[in-house]
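Laboratory data are not the source of any read-out in this text; all were calculated from the coordinates shown. Computed from a predicted structure; not experimentally measured. Note that each Cβ is placed from the backbone with ideal geometry, even for glycine, and that neighbours are counted across all protein chains shown.
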Amino acid sequence: MENPESKAWGNDLNGIHALGGGRFVAVGNGGIVLKKSPGVALPEMIPSGTTNNLRSVFFSDSLQGWAVGENGTILFSINGGQNWLPQNSCTVSYLNKVFFINNLVGWAAGENGVDLKTINGGQSWQLSSILPLITFFSIHFINEQVGLLVGMHGHVRKTTNGGHSWTSQSTLGGCNWLQDVQLLNNQNYFAVGMNS
């Protein structure tokens with residue numbers, strides 16, 4: 001009989017979130033969720049309820065977290081990643097990144113210019129399509145109003161109203177695929193990526 005943990009390591013792991021105290025949750029292809037607890041040598045494989053590829057995981061505190069991925073998949077946990085329940089994303093687009101500023105307000109971004117927002121912990125998500133031909137790879141906010149989206153073709157979009165509208169930001173260099181972003185304050189950010 002095959003060890004499920006060895007099978008998990010055969011799949012790509014795409015996202016991880018550290019929960020502190022030697023704990024983390026990682027997500028990956030095939031709906032893989034791994035949870036590492038203190039005092040345990042290897043992470044345990046947790047049933048996610050999906051076989052869709054998962055790209056990102058984020059916890060707003062030590063218990064409440066979300067994972068997103070293929071076919072608009074959004075999963076929600078209220079017990080530190082031990083159990084996961086689906087949430088309705090209103091899209092079938094691939095979701096690449098999820099980020100929450102607190103337990104209620106969060107965003108997810110992905111292909112087809114998709115930007116989702118929730119103000120109730122994911123009980124409902126609002127969908128807006130910013131640039132339908134662009135894939136966004138990352139989203140980050142410093143508060144409920146100010147955030148950035150980054151994606152293919154070097155696209156950087158900024159909001160100062162919680163994601164109701166987005167404006168284009170200039171970028172330096174020739175990076176074609178911006179894959180992650182960290183907003184430092186209202187004016188400054190770090191973004192990383194690669195040339196295609």
Checklist outcome for this item: Ranked on Cβ counts within 10 Å of their own Cβ, fewest leading, W107, W177, W166 go W177, W166, W107
Checklist entry - In the chain, which longest range has no GluC sites (Glu not before Pro) that are both DSSP loop (not H, G, I, E or B) and surrounded by at most 16 other Cβ atoms within 10 Å? => result 3-143
Checklist entry - Which of L85, L133, L178, L13 comes first, and how do the rest follow, when ranked by fewest Cβ neighbours within 10 Å? => result L133, L85, L13, L178
Item to check | Three-way shape label, the chain, alpha-carbon gyration tensor, a/c 1.5 | outcome: prolate
Checklist outcome for this item: Shape call for the range 122-196, from the Cα gyration tensor axes a ≥ b ≥ c (a/c under 1.5 means rounded, otherwise prolate when a/b beats b/c, else oblate), comes out oblate
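With +1 on the Cβ of every Lys and Arg and -1 on the Cβ of every Asp and Glu, and nothing else charged, how large is the dipole of the chain about its Cα centre, in debye rounded to the nearest 20?
For the chain, the charge dipole is close to 220 debye.
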Item to check | Listed residues Q145, P47, L116: farthest to the positive end of the dipole of the range 39-165 (Cβ charges) | outcome: Q145
Item to check | Residue order, fewest to most beta carbons within 10 Å, for M152, M194 | outcome: M194, M152
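Determine, for the chain, the count of lysine pairs separated by eight or more sequence positions (or lying on different chains) whose alpha-carbon distance falls under 20 Å.
For the chain, the number of qualifying lysine pairs is 6.
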Item to check | the range 82-165: trypsin sites (Lys or Arg not before Pro) in DSSP loop, at most 16 other beta carbons within 10 Å | outcome: none
Item to check | Cα-based shape type of the range 84-159, given that a ≥ b ≥ c are square roots of the gyration tensor eigenvalues and the cut on a/c is 1.5 | outcome: oblate
